1. For region 89-113 and region 26-75, what is the separation of their C-alpha centers, rounded to whole Å?
2. Given a Förster distance of 30 angstrom, what is the FRET efficiency for Ala106 paired with Asn80, based on the Cβ-Cβ distance and rounded to 0.05?
3. Using packing as a proxy for protection, rank 61-72, 19-30 so that the peptide with the highest average count of other Cβ atoms within 10 Å comes first.
4. Can you give me the orientation-averaged projected area of the convex hull built on the Cα atoms of region 24-72, in nm²?
5. Hey, which aspartates and glutamates would be in cross-link range of Lys62, C-alpha to C-alpha under 18 Å, not counting anything within fewer than 8 residues on its own chain?
Amino acid sequence: MEQLIATYTMQGDAAKIKSGWESYARTYPNDADVLYRAGVAMHEIKDYNMASYYYQQSIGKKPTAEAYANLGSVLHAQNNDSEAIRILETAVKLNPGLQEAQQLLAALRTTNDAQVLVALPRPTTRTIIRLPSGATSSTWPRIPTTATCCRYGPGPAIPAPQHGSPNRL
């Protein structure tokens, strides 16, 4: 089964990749590794709903920092940054050495701080407002709220994962 899915992957046939992994996951519904790899495959073809489902199923069977980190990445791609932050915090607690999760978490926190500040009306009296790191009172009204994050959508720039790596992040 895995060889057939690998062939579909090399051909770039998203529909066959999806159906192959769905079939494989149905065959091994209690195997956390199969569920995780199905999540990675869905993540690769940008089927974020199914990726989220498989990562959550994998976490339910065997919680790993990698599964949490990838789920956080999917949630970010779906513009659910508050939940992505919560999930990424769990990933970092499980594995503080997971650099990609730490970078995305820091970027999301900075972006969310900037979005909150930009949404506030500019103070007309002396009001103390905590600015995100790197911002000054002179740059406050012009803080960018989005940038390119890998290929997953809005967010600060983060290096893209190496092609062919077993982990999505």
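What follows draws every value from the coordinates through simple rules; no lab data is involved. Note that the structure is a prediction, hence the values are computed from the model and not measured. All Cβ positions, glycine included, derive from the backbone under ideal geometry; neighbour counts span all protein chains shown.
1. If we compute the Cα centre of each part, the gap is 18 Å.
2. 0.95
3. Working: 61-72: 22.7, 19-30: 15.3.
Answer by packing, highest mean first, reads 61-72, 19-30.
4. Details: hull surface 11.2 nm².
Hull-based average projected area comes out at 2.8 nm².
5. Within the straight-line cut-off, Lys62 pairs with Asp31, Asp33, Glu89.
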